[in-house]
Every structure is written in structure tokens, then in C-alpha cells.
Amino acid sequence: MSASPGEGSWQAFLAKKRLKSTRQRDLIVDEFLAMRGHISLEDLYALVRAKNPAVGFSTVYRTMRLLEEAGLAHERHFEQGRTLYERADAKSHHDHLICEKCHHIIEFENDALEALQRKVAIGFGFVITNHRHEIYGLCPKARGEAGGYCPAEVAKIRPVARPSPPRLLTPAKPR
């Protein structure tokens, strides 16, 4: 297995659970930990199968469950029951902008938004223990904007494991 973020934690997890490190499992873990952004089980399966056709879907599924248990992956549920996985890095909390047409997901951080959510919670006497923020809308191309681009098309350099877009620290200004 190549050195990738989380590899040491993965190996320690396997040892603790008394599980074997197999070539198929290692390939799945390497591919998942090397990617950025979100990926479905089906896309990860296709990516892994391109390198080793002997890998079965159930092996990908079980390995992702183990990665979740090890604290190295997060399962995210989006619109219409769409389930995607992302690495559980030590990076800070982030929220999501999701195009309803192309389904591209943009991760962003916004301190002002986080502060406003805390203020609202306090106003209701609520203590936040966790939250997720998903904003659904349409990208410029999906809206039919002249010359508008689609983030999903821009990200198709590697279609099944798209890189994360740059972090937006402040909301984008409308044109």
C-alpha cells in the first residue's frame, strides 16, 4: 500500500480489529484516500475495477464501512437519497453548495455564516452539538446564463474523483 493520508490510522485500525490487509482492500483504501471531494460507491467501484477487475462491489461496500468505523471516511446523504463519501480529514467543518441539475458539490467555509447559526441557536436557547448545511440551487449554466459554466464540466479532469474547488471564504457576489 502506498503512503497516503490516513494510512497509519488504517493499518492501526486493521491490527486492532484483527483484520487482514488484502490487495483488494488496500487498492480501495488507496484510491479513496487519494481522492478529494465526494464519491459514490458506484464511482469508487468503477475506479477500482479499472485497476483490478476482480474486485467486487460488496468488497468496496464493506471496505467503506470499515473506513467509516476507522474514522477515515464520512457518509453523506444528499438529495433524492444520493449517498456520497468523503475523506474524514482533520480539516475544519465545511458546508455544501449543490447544483440541482448537474449535481456538482462545492465545499465552502464561511465564518460569518457559522457565527449567524450560533447566534440563531442561542436566541432559541439551543446548544449546537452538530450541524450540516446544504444549499441547493442552480449553477450558471443550469440557469441558462449566457456564457455560464458548469462546475461539474470544469471538474471532469478525473470524472469519478473530482478535486475539491477552492474554498470560498466569503459569499460570491452576484453578477
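Read the figures in this text as sums done on the coordinates, not as results from a lab. The structure presented is a predicted model; accordingly, all values stated were derived computationally and were not measured. Neighbour counts are summed over all protein chains in view; Cβ atoms, including those assigned to glycine, are modelled from backbone coordinates with ideal geometry.
Below, the figures for the structure above:
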item	result
Per DSSP, loop trypsin sites (Lys or Arg not before Pro) in the stretch 48-85 with at most 14 further Cβ within 10 Å	Arg82
Net lengthening on full extension, Ser9/Arg82 (0.36 nm per residue, minus Cα-Cα)	23.5 nm
Sorted by Cβ density within 10 Å, fewest first, the residues Ile135, Ile98, Ile105, Ile28	Ile135, Ile98, Ile105, Ile28
Residue-span extension gain [Asn130 to Arg36] - 0.36 nm each, minus C-alpha spacing	31.6 nm
Ranking of His103, His96 by count of other Cβ atoms within 10 Å, fewest first	His103, His96
Three-way shape label, the stretch 13-98, alpha-carbon gyration tensor, a/c 1.5	oblate
Neighbour-count order for Leu67, Leu41, Leu72, fewest beta carbons within 10 angstrom listed first	Leu41, Leu72, Leu67
